[in-house]
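The values are calculated or read from the model by the stated rules, or taken from the named source; none is laboratory data. Just so it is clear, the model here is predicted, and its values are computed rather than measured. Methodologically, a virtual Cβ is constructed for each residue, glycine included, from the backbone with ideal geometry; neighbour enumeration extends over all protein chains shown.
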Amino acid sequence: MSVYVVEGQRKLEGEISVHGAKNSVLPILAATVLCDGECVIENCPDISDVDTSIKILTHFGIECTVEKNTVTVKNKGITSCDIPDSLMREMRSSVVFSGAVLGKTGRAVMSSPGGCELGPRPIDIHIKSFKALGADVAEKHGYLKCECANKLKGCRIVLPVRSVGATENTVLAAVLASGITTVHNAAREPEIVDLCEFLNSCGAKIYGHGGDTVVIEGVAKLHGAHHRIIPDRIVASTYMACAAATGGSLLLKNVNCNNLEAVISIYREAGCDIRTNNNGIIIKSRELNAVKKVQSGFYPAFPTDAGPMAVAALSVANGTSVFVENIFESRFKYVSELMRFGVKADTVGKAVIITGNKSLYGTDCVATDLRGGAALIVAALAAEGTTHISNINYIKRGYDGIDKALLSVGAKICEK
Ligand code: EPU
């Protein structure tokens, strides 16, 4: 099992190009199930969750080729509608393949999805949408069988929670349904917009994405298309945290600053000098100040996925900061790993209270999940001495070459 070895307290300086968004590419690869013909998806990060998605497509009988960061998907017909248990367990996003294959063939079989353990992550809202669209859903022996004798039928759906995955799955199932589906209280994340724009470029008729209500006018067929995945706003947030925690100065290229407003505002409040333009962010940091309260929320609020890295950065700020997690029940497993660096933090219910301490020291620690693992990298860069981070497979689920990118701007980090 490999580990990241980090020598801390190096000043980061230079530029990093941010790769394509994990949480866009996964539902978009799922959406190719609905298309007849060839889809060319550019700016796909080289991460293990993309590999898992390709394995699912291949299992469905769909041909995929990968060349650098472009995945070409040739859908000449689906030969299987089940998602193997081993692939369901590998990542949470496997669940969005069910909406797509159900929408295309009228049938989907899957077990419970895996992914990072951030507390209970049910899929009840996904299932409710499938049922509302006319599918029968039966659970037996740990498998969910979704079937529809006739075509799925458009309807009015009110999501009880602005779930990202449930919004995506509802859209995917409804695109080829007959009639009109309206999804109320839809998630508004940029990755939802990217998915809907991809589907529209394939001939779908989706309106209102990015807002509270998404309207899907069912179409008979979708064709293939070329699409470029949007930049990963959480990866950009991670590099911002790295610069903030180390007193560094980074130019982040290939970012969409509009998607990062809540994150930029927090690092500005912490005293970072941040300039934005059409395609980049320059972040310069010296002394970091505490931020009274950061709260995660649905987009456009501060993203839950950027929370662990912000907590790590604020652990070296002057004064006491509070981070409140409002999306997931148990996202603080990484905090006890951060404390191994000398981070002073207390978790109280949904909040973590961080008392700044500039004298962090290197340690041996374990990534508990994807973003928790990224937070350990931030702390290791700020700490004096050597850190060994194990369980880095979690980190590789969402970051394409984080070690190489950080090395290129002056960090001392390698995989062993
Ligand atoms: N929820 C339910 N029932 C459902 C679905 C969701 O109760 O059927 C609840 C969840 O338990 C959670 C809340 O709704 O409390 C929001 O969850 P959501 O469904 O929005 O999350 P997700 O679709 O499983 C995606 C991202 C996560 C990100 C969340 C929130 C992907 C592949 N994953 O997850 O990303 O944290 O939205 O923005 O898009 C990550 O990248 O590290 C990551 C965890």
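The table below lists the values:
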quantity: First in the range 179-192 and under 13 Å from Ala132 (Cβ atoms) and in contact (Cβ under 8 Å) with a residue 24 or more places away in the chain, second anywhere and assigned to a strand (DSSP E or B) and of a type in the set (Lys, Arg), Cβ under 6 Å, 6 or more apart; calculated: Gly179/Lys153; Thr182/Arg156
quantity: Residue tally, condition touching a Gly at 6+ places or on another chain (Cβ under 8 Å) and within 14 Å of Glu13 (Cα to Cα), over the range 250-281; calculated: 4
quantity: Those strands (runs of 3 or more DSSP E) lying entirely in the range 139-201 with at least 3 residues at negative phi and more than 16 Å from the ligand (Cβ to nearest atom); calculated: 143-147, 180-184
quantity: Hits in the range 297-323 - residues which are within 14 Å of the ligand (Cβ to nearest atom) and surrounded by fewer than 22 Cβ atoms within 10 Å (Cβ to Cβ); calculated: Gly297, Phe298, Tyr299, Pro300, Ala301, Thr304
quantity: Candidates Val101, Val66, Val109 - the one that is at pLDDT 95 or above, touching a strand residue (DSSP E or B) at 6+ places or on another chain (Cβ under 7 Å) and aliphatic (A, V, I, L, M); calculated: Val101
quantity: Test: residue in the range 80-88 that is more than 9 Å from the ligand (Cβ to nearest atom), among the hydroxyl-bearing types (Ser, Thr, Tyr), modelled with pLDDT of 95 or more and in a helix (DSSP H, G or I); calculated: no
quantity: Number of positions in the range 189-213 that are farther than 18 Å from Cys44 by Cβ and touching a Cys at 6+ places or on another chain (Cβ under 7 Å); calculated: 2
quantity: Tally, over the range 124-138, of residues that are within 14 Å of the ligand (Cβ to nearest atom) and either modelled with pLDDT under 90 or more than 14 Å from Thr170 (Cα to Cα) (or both); calculated: 1
